[in-house]
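Here's the structure, in structure tokens; my notes come after.
The values are calculated or read from the model by the stated rules, or taken from the named source; none is laboratory data. Just so it is clear, the model here is predicted, and its values are computed rather than measured. So basically every Cβ, Gly included, is an ideal-geometry build from the backbone, and we count neighbours across all protein chains shown. Heads up: the accessible areas ignore ligands, DNA and RNA and are worked out on the full protein's heavy atoms, side chains in. Shrake-Rupley method; radii C 1.70, N 1.55, O 1.52, S 1.80 Å.
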Amino acid sequence: MFPPFSHLRRRLLAAIPNPNLLLRPSRSLSTSTTPATRAPATPVAVLWDLAASRPPSTLPLYDAAVRLHLAATSFGRVRLSAAFVHPGHRLPAPSPSAAAAAVHLCRVCGRRFRARDTLLRHFDAIHAREHAKRLARIDSSRGDRRVRLAAALSLKLSKYEKAARELTAAADPCSPADDLRRARVAVELSPTPSVSLLERAHEVLDGGSVRCLMLVSARDELAPLLRLAREKGVRSVVVGGESGPARWADVGFSWAEVIAGKARKAAPSVSGKWRDRDVLKRLEWRYDDDDEEVVFEEDGDEDGIDELTRNSKGKPWWKLESDGEDSSACR
């Protein structure tokens, strides 16, 4: 019979200076102590007057709306994104040179084509057939296998359906509503887009749930609205109004800066300056000229003054009685 191993265990534990080290989980050396940068959580509202501020015609409206959304997310969390469009508004037709230089992207596989007809033929020949095969596999399955197969192919099916909707919407490039909705921008049809934008902006400011207002417009009528936003402590950003409302806003960008990504890169530094300015504004001391004046009122009781006059015996009140005694002794 073999001897018990308890004495060996006691010897091993006695040889270790600190046995608790064996039970402690080892920390990874790659763990960084620097805090991770957090995305700004400032509530942002984006209001767009499409008739007053149009993106360049060389860029599709969908791409311009996506880049505008990325620039807005750099200032904070977008809670409202709305575009006000006239029912009869139509986008300008692209120039022949711009149409020839445009590149059509397949949203399923990522291939690029110079002609839209080539993209359509590629989509019908490859992706449409693959989509039909996937649907046939799901239809031929039964029971749990059908559920598992549908869950495994759901991502590819949704990707194909989204790409097909984009190709169908691009068949009518003159209607801006479909492109804006695909970019997650709420479209509101109004016969007077500028008036609707002002009304919605006042509702946003009165609600108090937004701390940054991004206006995409070039109308000078926005100057009183921007002054009201400054009075309420709401930061304002103007896109496309370099000569007009941008003068009254906290910061302004052109469409070229938004498309090139310069507005997105400048947003963190601008937000940091705003936070520093708010801190200094809370710490600074202001002198108020409207302080109440101090008025000294005289008491109605004059008995004490008469008694002081009688006791002075003709001498000034600041002279003491000992001063008179000292002067007589010297004589």
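Conditions (1) closer than 25 Å to residue 107 by Cα; (2) outside the structural domain of residue 219 (by the TED database); (3) surrounded by 20 or more Cβ atoms within 10 Å (Cβ to Cβ), marked per residue:
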| position | (1), (2), (3) |
| --- | --- |
| 47 | no, no, yes |
| 51 | no, no, no |
| 57 | yes, no, no |
| 62 | yes, no, no |
| 68 | yes, no, yes |
| 71 | yes, no, yes |
| 77 | no, no, no |
| 81 | yes, no, yes |
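Cβ separations smaller than 6 Å between residues 6+ apart or across chains give the following pairs from region 185-197 residues that are in the same structural domain as residue 215 (by the TED database) to residues that are of a type in the set (A, V, I, L, M, F, W, C) and part of a loop (DSSP other than H, G, I, E, B): 193/51. The strands (runs of 3 or more DSSP E) located wholly in region 184-254 that include 2 or more residues which are open to solvent by less than 30 Å² (accessible area, probe 1.4 Å) occupy 212-216, 235-239, 251-253. Inside region 119-160, residues that are of a type in the set (Val, Ile, Thr) and either at pLDDT below 90 or over 22 Å from residue 105 (Cα atoms) (or both) make up a count of 2. A Cβ distance below 9 Å, combined with a sequence gap of six or more or placement on separate chains, defines the contacts here; from region 199-221, residues that are touching a residue at least 60 places away in the same chain (Cβ under 8 Å) reach residues that are open to solvent by less than 10 Å² (accessible area, probe 1.4 Å) and among the acidic types (Asp, Glu) in the pairs 215/49; 216/49; 217/49; 218/49; 219/49. Has region 89-102 got any residue that is open to solvent by less than 50 Å² (accessible area, probe 1.4 Å) and at pLDDT 80 or above? There is no residue in region 89-102 that is open to solvent by less than 50 Å² (accessible area, probe 1.4 Å) and at pLDDT 80 or above.
Applying a threshold of 8 Å to beta carbon distances and a minimum spacing of six or more residues, or different chains, the list of pairs starting in region 255-273 at a residue that is more than 24 Å from residue 58 (Cα to Cα) and in contact (Cβ under 8 Å) with a residue 40 or more places away in the chain and ending at one that is aromatic (Phe, Trp, Tyr) and surrounded by 13 or more Cβ atoms within 10 Å (Cβ to Cβ) reads 267/75; 270/75; 271/75. Of all the residues in region 103-142, those that are in a helix (DSSP H, G or I), open to solvent by less than 50 Å² (accessible area, probe 1.4 Å) and touching a helix residue (DSSP H, G or I) at 6+ places or on another chain (Cβ under 9 Å) number 7. Checking each residue in region 261-272 for being in contact with a Lys or Arg (Cβ under 9 Å, 6 or more places away or on another chain), assigned to a helix (DSSP H, G or I), more than 25 Å from residue 208 (Cβ to Cβ) and open to solvent by 10 Å² or more (accessible area, probe 1.4 Å) picks out only 264. For region 143-155, filtering for residues that are over 32 Å from the mean Cα position of the chain (by Cα), assigned to a helix (DSSP H, G or I) and under 30 Å from residue 116 (Cβ atoms) leaves 1.
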